[in-house]
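Just so you know, all these numbers are worked out from the coordinates, no wet-lab data involved. Predicted model only: the values in this text are computed from it and were never measured. With ideal geometry, Cβ positions are generated from the backbone for all residues, glycine too; neighbour counts draw on all protein chains shown.
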């Protein structure tokens, strides 16, 4: 459709043209024609770019307005398309879009289809939000900070109209906050101890329980027939994993062994010795069930600072190394051709201890890509699923604290680079490759572990969790997306290794 | 007035006659359950959980027995286990808090949760389920130890096992 617009200046000419338009039946002023022409071009673009399904839906749903009022008619059509279509990548209009919602509520022409607008606003806001998140991450990767900043403002505006108590609104809020921090720096950090958050995360969802019970089952089986056993825990926290193992050892046929536990954790900042307190508590429990028990705490800020002599492993004991979400933290060291990397060093001394078993539990996600955009997209998918599964938890304040715990992980993945970024999650397939290359071979977890995990999930009763077996390892996921993977390993004896 | 007095006396005499009748009846029935505690204990051991709860409300003697005699609860805990648990289990359970607590905190919610999902009311426990219950019980006991230390927020009910008690609607 073509409209030729001559620049008409004389008022008599304008009146003439207005009269002509009215005679033909159009209720439009010639002064408005320029804007109308632009809008028609926009409408044409939108119609051409939208899918046929959108158009057919549009054709059946639209309330038809009086087309003789051509200006408003084109405006209405355009606004209809803006709701049902994908985001046009015209950034100058992005912040307008969020405000358009308000305009449409007030414009009396739109009252008729306000109901339709309200029901689809939430879904479309979600789609817009995700698009904007991706665009923001992309612009950050390209170094366009200004654009990223304005997108963040737009997203925050969009969020005010959305439900942020659940679903995409909540997760997006955390990611927008993380992007904000990446650009503008840290602000309002919540001062809650990490181990307190960890405990609430343990209560709110089954991931840590699954990790503990599965690792314990593997350790129990590996310790069969041994009278002196030594467990090295890479992250003691409150020691919640160990009561169940102590009880299982107490009741094993033939009687309990002598159990030593070495717990590694960060140094306590006040006068307290947190590691020792946990050790005392575990010792009291062990004493009450007649298990001979000895505890040793090793305080270290980072796992790579721990040296094997600190663990005081004796050759007569069967050793189990237990790493719950700790190995990935070693992947951030700077590559140095002269020195082995942190992960190689640690895996090296683990091998030198000749453990009967090494239990490894890691997040089943790929958050260690170099490209920011890839990492961001992966993290958005992963944490959306985790937050989804958290919705099933009715227990407060566990749920709220668990969310803060996860928010810290999200911030680390999104905001930090270099050695500061410790949440370098890698999927099981990569760990298999890495551990295989450094001289470990996988141990199958067995049917007892699987049955126990399944039973644990039945008790947890939320219908979305699923346990799967993956080449001898177990994964726990939400609605067919695995979120955490547990595996067991043994060091291959030196003489059998062939270095290529 | 005279009628009232006669009526009173009449009622008192009737009540005296009734109590003496009852005493004669008691002498006739030699058996009274509260005089035979070992039989009472054997009966209580065979009750299910809810019935035990009701039984503890009958009188002070029954209440004392159900609350303090852990062997009654031991039978309840392992009633549906295929093979009786080994002798080593008892000292461990006692050390961790006793059979009554094991039942209330672990066995009852686990049983009800499992039977919900399988729609079978009376079933046999597998060894795995027993072990899992004992492990959860041990974690509960450990968390109660922590209550004094103040490191973990101590709740009245053990928070680790709250997921068992809350019906979750998804």
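Need one value for A:204-212: mean number of C-beta atoms belonging to other chains within 10 Å of its residues' C-beta atoms. All intermediate terms of the calculation are to be shown ahead of the outcome.
Numbers: counts 2, 1, 1, 0, 0, 4, 0, 0, 2.
Shielding by partners across A:204-212 averages 1.
How many percent of the alpha carbon pairs in region A:146-247 exceed a separation of 17 Å?
In whole percent, the share of Cα-Cα pairs in region A:146-247 beyond 17 Å is 69.
Available extension along the chain between residue A:341 and residue A:276 is 20.3 nm, counting 0.36 nm per residue and deducting the alpha carbon span.
Dividing the Cα radius of gyration of region B:71-139 by its Kirkwood radius returns 0.94 for Rg/Rh. Figure legend: label point modelled 7 angstrom from the Cα of residue A:354 along Cα→Cβ; residues of region A:426-448 with amide N under 18 Å from it are A:439-441. Counting 0.36 nm for each residue step from residue A:22 to residue A:422 and taking away their Cα separation leaves a gain of 137.0 nm. Take the Cα of residue B:43, step 7 Å toward its Cβ, do the same at residue B:63, and the gap between the two points is 1.9 nm. Evaluated on region A:166-304, the Kirkwood hydrodynamic radius is 17.4 Å, with distances taken between all distinct Cα atoms. Here the extension length gained between residue A:369 and residue A:310 equals 17.9 nm, from 0.36 nm per residue of separation less the Cα-Cα distance. Each label was represented as a point 7 Å from its Cα along the Cα-to-Cβ direction; for residue A:441 and residue A:69 these points are 8.1 nm apart. Peptide A:382-394 has a mean shielding of 1, counted as Cβ atoms of other protein chains within 10 Å of each residue's Cβ. In this label model, residue B:9 and residue A:31 are separated by 11.9 nm, measuring between points 7 Å along each Cα→Cβ vector. Sorting B:135-144, B:63-72 by average packing, meaning the other beta carbons within 10 Å per residue, from highest down gives B:135-144, B:63-72. Averaged over peptide A:277-289, the number of partner chain Cβ atoms lying within 10 Å of each residue's Cβ comes to 4.
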